[in-house]
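*Asks:* Once you've had a glance at the structure underneath, I'll fire off some questions.
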Amino acid sequence: MAQLPIIRLAILNAAETRWPEVGMRLCGAQLFLGAAALDSCDAAIVFDAPADTQAIERLLQAGKHILLTPDAGMAAERLRALAEVAKNANVRFGLANPERYLPSRQLIRQQLDAGKLGAPGLLRIHRWESAGTPVALLRDLDLAHWYFGKMPTSVYAIEQAACAAVHVHLGFPGGGMALIDHVRQLPTGDGYYSLSLIGASGAAYADDHANMQLVYRGDAPRAVHAGEGVVPLVALAQDFVDAVAAGRDLSASLDEWCNAIAIGHVVTQALETKQAIAIG
């Protein structure tokens with residue numbers, strides 16, 4: 001059996017310091033960090049890709065396969081234009097929501113696909129942080145769309161400026177709903193995230209409370225969040241490497257992120273008008 005070629009993969013704009021560990025776990029890829037290695041690489045993952053996409057367009061034109069985790073300023077029209085550039089250059093171009101690759105989120109999706117939870121009825125997400133970013137809300141909107149498998153039909157949102165809190169209600173066909181609240185001004189330190197999904201015949205949850213470990217270092221014990229390690233990064237990178245190796249079409253990821261952007265626009269309108277908005 002012929003051995004598949006090794007894909008040289010560049011990682012750009014990554015704040016995570018454990019990428020060398022990720023590289024050791026990848027199959028069919030050799031990992032490089034930073035823009036200096038781009039000339040000799042076949043593909044790149046660009047984290048928190050900026051709204052100015054000229055550099056990404058040049059990479060696509062140069063024959064590089066690209067995966068983006070966009071920031072909140074990336075317009076859907078620009079993303080579709082980049083997809084057209086990639087098509088003309090015969091390279092793969094896709095979008096990724098890192099939240100989807102967390103093992104806890106993956107497990108909930110697997111339970112849904114297996115029919116163990118029944119039809120999703122209520123999704124509840126809390127995200128409380130000391131320095132939250134607008135893209136975090138888009139990622140949670142994308143999760144809601146991913147779990148329900150359809151666009152919402154109504155959106156209502158309110159904001160509490162004093163604590164930079166946003167509360168979003170999404171109504172889905174058939175009576176399903178998602179309730180998402182974000183707080184962006186907690187005191188400096190660890191934040192809190194929980195996700196629970198109630199279906200017609202079961203429920204599943206991913207809650208930071210379940211991943212807290214007591215640490216004894218003298219004085220009072222501390223609760224430390226265990227986290228999910230580098231597994232999400234490995235899964236994200238491996239999925240892209242496999243797509244490049246197989247020549248897999250990534251256009252579905254573009255459509256799904258553009259749907260999240262569209263829902264985000266309606267959330268903004270709901271915040272401005274202080275009224276529920278129907279999505280036609």
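The values are calculated or read from the model by the stated rules, or taken from the named source; none is laboratory data. Keep in mind that what you see is a predicted model, and the values were worked out from it rather than measured. No Cβ is skipped: glycine too gets one built from the backbone with ideal geometry, and neighbour counts run over all protein chains shown.
*Asks:* Take residues that are at pLDDT 90 or above and of a type in the set (Phe, Trp, Tyr) and tell me which of the strands (runs of 3 or more DSSP E) falling wholly in segment 179-242 contain 2 or more. Please lay out each step first, then the result.
*Replies:* Values: elements: 192-199, 203-207, 212-215, 222-225.
The strands (runs of 3 or more DSSP E) meeting that bar number zero.
*Asks:* For segment 1-14, how many residues are among the basic types (Lys, Arg) and surrounded by 18 or more Cβ atoms within 10 Å (Cβ to Cβ)?
*Replies:* Of the residues in that region, 0 qualify.
*Asks:* Which one of Leu107, Leu138 is hydrophobic (A, V, I, L, M, F, W, C), surrounded by 15 or more Cβ atoms within 10 Å (Cβ to Cβ) and either in the same structural domain as Cys163 (by TED's automatic domain parsing) or within 17 Å of the chain's Cα centre (by Cα) (or both)?
*Replies:* Residue meeting the stated conditions: Leu138.
*Asks:* Pull out all pairs, ordered by first then second residue, where Cβ-Cβ is under 6 Å, the residues are six or more apart or on different chains, the first lies in segment 158-178 and is over 17 Å from Arg127 (Cβ atoms), and the second is outside any strand (DSSP E or B).
*Replies:* Final answer for the pair search is Gly171/Pro152; Gly171/Thr153; Phe172/Phe148; Phe172/Pro152; Pro173/Thr153; Gly176/Phe148.
*Asks:* Looking at this structure, is Glu272 of a type in the set (D, E, K, R) and in a helix (DSSP H, G or I)?
*Replies:* Yes; evaluated as a whole, the condition is true for this residue.
Rundown of residues vs (1) hydrophobic (A, V, I, L, M, F, W, C); (2) within 16 Å of the chain's Cα centre (by Cα), yes/no style:
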{"position": "Asp48", "(1), (2)": "no, yes"}
{"position": "Ala55", "(1), (2)": "yes, no"}
{"position": "Leu60", "(1), (2)": "yes, no"}
{"position": "Gly63", "(1), (2)": "no, no"}
{"position": "Thr69", "(1), (2)": "no, yes"}
{"position": "Met74", "(1), (2)": "yes, yes"}
{"position": "Glu77", "(1), (2)": "no, no"}
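*Asks:* Looking only at segment 243-262, count how many residues are buried (at least 18 other Cβ atoms within 10 Å of the Cβ) and in a loop (DSSP other than H, G, I, E, B).
*Replies:* 1
*Asks:* Shifting gears a bit: Count, please, the residues in segment 102-120 that happen to be more than 17 Å from Ala200 (Cα to Cα) and assigned to a helix (DSSP H, G or I).
*Replies:* Pass one, segment 102-120, residues more than 17 Å from Ala200 (Cα to Cα): 102-107.
From the residues that got through so far, the ones that are assigned to a helix (DSSP H, G or I) too are 103-107.
Qualifying residue count for the region: 5.
*Asks:* What are the pairs with Cβ atoms under 6 angstrom where one residue, in segment 15-27, is in contact (Cβ under 8 Å) with a residue 12 or more places away in the chain and outside the structural domain of Ala245 (by TED's automatic domain parsing) and the other, located anywhere, is polar (S, T, N, Q) and part of a loop (DSSP other than H, G, I, E, B)? Sequence gap at least six, or different chains.
*Replies:* Matching pairs, first to second residue: none at all.
*Asks:* Right, something else. So Leu123 fits all but one of (1) at pLDDT 95 or above; (2) of a type in the set (A, V, I, L, M, F, W, C); (3) part of a loop (DSSP other than H, G, I, E, B); what number is the exception?
*Replies:* All conditions pass for Leu123, except number (3).
*Asks:* Next question, about the same structure. Check Val241 against each of (1) assigned by TED's automatic domain parsing to the domain that holds Lys150; (2) within 22 Å of the chain's Cα centre (by Cα) and name the one condition it does not meet.
*Replies:* (1) is the only condition that Val241 fails.
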